[in-house]
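Taking it in order: structure first as structure tokens, then the write-up.
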Amino acid sequence: MPGMVLFGRRWAIASDDLVFPGFFELVVRVLWWIGILTLYLMHRGKLDCAGGALLSSYLIVLMILLAVVICTVSAIMCVSMRGTICNPGPRKSMSKLLYIRLALFFPEMVWASLGAAWVADGVQCDRTVVNGIIATVVVRTQIWCPATLRRASPCFISNRTISGTTKSLPRWSAMPQGAPSCRSRTTDYDLVGGDQLNCHFGSILHTTGLQYRDFIHVSFHDKVYELPFLVALDHRKESVVVAVRGTMSLQDVLTDLSAESEVLDVECEVQDRLAHKGISQAARYVYRRLINDGILSQAFSIAPEYRLVIVGHSLGGGAAALLATMLRAAYPQVRCYAFSPPRGLWSKALHEYSQSFIVSLVLGKDVIPRLSVTNLEDLKRRILRVVAHCNKPKYKILLHGLWYELFGGNPNNFPTELDGGDQEVLTQPLLGEQSLLTRWSPAYSFSSDSPLDSSPKYPPLYPPGRIIHLQEEGASGRFGCCSAAHYSAKWSHEAEFSKILIGPKMLTDHMPDILMRALDSLVSDRAACVSCPAQGVSGVDVA
């Protein structure tokens with residue numbers, strides 16, 4: 001960082017990105033050189049055949065050429081280790097080394113072509129030597145491409161919600177192992193959308209343990225602002241359950257990205273009713289289906305004494321919270337359980353209003369309950385600050401992160417920022433602020449830790465209801481041989497989720513199966529319990 005300039009253009013890789021690719025090529029080249037040397041020493045006495053002197057000279061020159069390449073790659077790797085992310089001065093010789101390395105490609109290609117030609121002429125020598133030459137020509141394929149270290153993981157995943165506090169509703173995309181086979185039958189419930197063979201619905205039956213007769217309505221209809229949902233009867237909890245699916249399609253992603261604010265059309269005494277536009281429109285769609293199509297009326301005609309429970313995960317959790325607010329006027333006893341909902345959902349006033357009937361569950365460092373437009377802007381600023389003040393080379397940071405990912409530990413044991421007054425040395429980042437920001441904002445201050453001022457289009461938005469934060473106790477490794485993780489739960493204030501936390505579990509903590517595992521651990525561990533409600537906040541029935 002910044003990108004290297006070669007052949008008159010700036011590339012997407014920096015001069016400190018070549019440590020690991022260089023190490024990989026160095027290992028391959030050294031092993032290759034050792035193999036050729038061994039081949040030559042073991043069979044040089046058998047090269048007194050026709051063309052043997054030519055092959056002997058070929059192997060000697062090849063070893064010399066490989067030795068030059070090894071020295072060049074070693075120099076590139078050592079130079080790439082120098083300096084820090086924003087201090088490329090010690091790496092200023094990198095461009096010259098890369099030119100040398102690129103120039104070595106030509107003699108390598110020529111020599112490999114000559115070796116192929118000589119072998120093709122039918123040299124009558126020891127077959128081991130000839131096969132070694134052939135292998136040399138094949139293996140000659142160069143390994144020199146900038147590597148990007150990344151873990152891919154979806155920012156959003158499908159819904160797996162919980163009816164009441166124990167019933168779970170699965171991903172509706174695949175049949176789990178051991179689930180009942182797809183059926184072709186006349187359904188006892190309303191089915192909208194796909195799943196003509198009942199494959200997805202069979203998965204729901206298998207996971208929830210409910211019967212066909214327990215489902216009132218199942219909708220797989222999926223468009224922008226229109227989410228799949230189902231309505232079922234949970235007789236054990238005496239609840240009419242409305243479950244809204246989370247992000248699982250491109251249409252759902254577009255709903256997520258409609259992050260501007262709009263006024264929520266709802267009957268309540270709250271004045272400031274701003275909400276996430278995409279999620280608000282999705283909740284309005286489900287509301288119209290439930291009321292206008294008489295779905296809820298049908299459910300309560302079957303079980304009039306039951307209470308209404310709305311659940312959802314991720315995008316579905318946000319839509320469930322808005323839906324519960326819309327339905328509260330008609331169903332005052334409604335309860336909503338939002339699992340891993342997005343932070344940027346609605347205004348502060350609606351957040352406070354919802355605390356009497358909505359409970360959100362957040363696991364660990366899950367990024368989605370901390371995600372909003374203003375938080376992303378704040379994260380960008382904090383990353384720039386850390387990068388500008390970093391006093392460690394990039395490869396050490398990556399190695400430490402890999403160690404933490406594999407074996408656990410405390411990431412704070414590896415400080416990367418300059419201490420105290422030493423930060424004054426780097427008062428400005430190497431790259432200008434305006435070149436890193438998509439839009440210049442007078443509120444942006446590189447040295448400030450205060451949150452960014454929000455534009456009227458993207459005001460600060462907050463998560464729904466009261467928040468139960470599930471946290472893993474102790475530092476655990478990442479291998480199956482380690483003991484099972486244990487979790488604790490506590491009521492938390494929304495301010496604890498006001499910043500995005502970077503960590504190896506920031507995405508995996510959002511996955512519904514990981515969240516379910518944490519909840520199962522809490523249920524099985526009698527010592528873990530939810531702390532008493534915070535003072536000044538009305539209680540919520542979470543049983």
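The values are calculated or read from the model by the stated rules, or taken from the named source; none is laboratory data. The structure presented is a predicted model; accordingly, all values stated were derived computationally and were not measured. Reconstructed Cβ throughout: ideal geometry from the backbone, glycine too, with neighbour counts over all protein chains shown. When the accessible area is computed, the model is the full protein with side chains, heavy atoms only, and any ligands, DNA or RNA have been set aside. Shrake-Rupley method; radii C 1.70, N 1.55, O 1.52, S 1.80 Å.
The rows are residues; the columns are (1) assigned by the TED database to the domain that holds Ala275; (2) touching a residue at least 60 places away in the same chain (Cβ under 8 Å).
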position: Ser360; (1), (2): yes, yes
position: Asp366; (1), (2): yes, yes
position: Cys390; (1), (2): no, yes
position: Leu399; (1), (2): no, no
So in the range 77-122, with the set limited to residues that are of a type in the set (Val, Ile, Thr) and at pLDDT below 90, which one is farthest from the chain's Cα centre (by Cα)? Val119
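Can you tell me which residue within the range 368-411, out of those that are of a type in the set (A, V, I, L, M) and touching a Lys or Arg at 6+ places or on another chain (Cβ under 9 Å), is surrounded by the most Cβ atoms within 10 Å (Cβ to Cβ)? It would help to see each step written out before you state the result.
Filtering the range 368-411 for residues of a type in the set (A, V, I, L, M) gives 368, 371, 373, 376, 379, 383-384, 386-388, 397-399, 402, 406.
Narrowing the set further to residues that are touching a Lys or Arg at 6+ places or on another chain (Cβ under 9 Å) leaves 368, 371, 373, 379, 406.
Details: Ile368: 28, Leu371: 21, Val373: 20, Leu379: 17, Leu406: 12.
Out of the qualifying residues, it is Ile368.
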Within the range 34-52, is there a residue that is farther than 30 Å from Pro393 by Cα, out of contact with any helix residue (DSSP H, G or I) (no Cβ under 6 Å at 6 or more places or on another chain), in contact (Cβ under 8 Å) with a residue 12 or more places away in the chain and surrounded by 18 or more Cβ atoms within 10 Å (Cβ to Cβ)? yes
Can you tell me which residues in the range 284-327 are within 13 Å of Ser354 (Cα to Cα) and at pLDDT below 95? none
Scope the range 2-29; condition assigned to a strand (DSSP E or B) and of a type in the set (Phe, Trp, Tyr); matching residues: Trp11
Here are Ala321, Ala243, Ala303: which of them is aliphatic (A, V, I, L, M) and touching a Cys at 6+ places or on another chain (Cβ under 6 Å)? Ala321
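If you scan the range 348-367, which residues turn out to be among the hydroxyl-bearing types (Ser, Thr, Tyr) and open to solvent by less than 10 Å² (accessible area, probe 1.4 Å)? If you could, list the steps in order and put the result at the bottom.
Taking the range 348-367 and keeping what is among the hydroxyl-bearing types (Ser, Thr, Tyr), we get 353-354, 356, 360.
Across the range 348-367, the qualifying residues are Ser354, Ser360.
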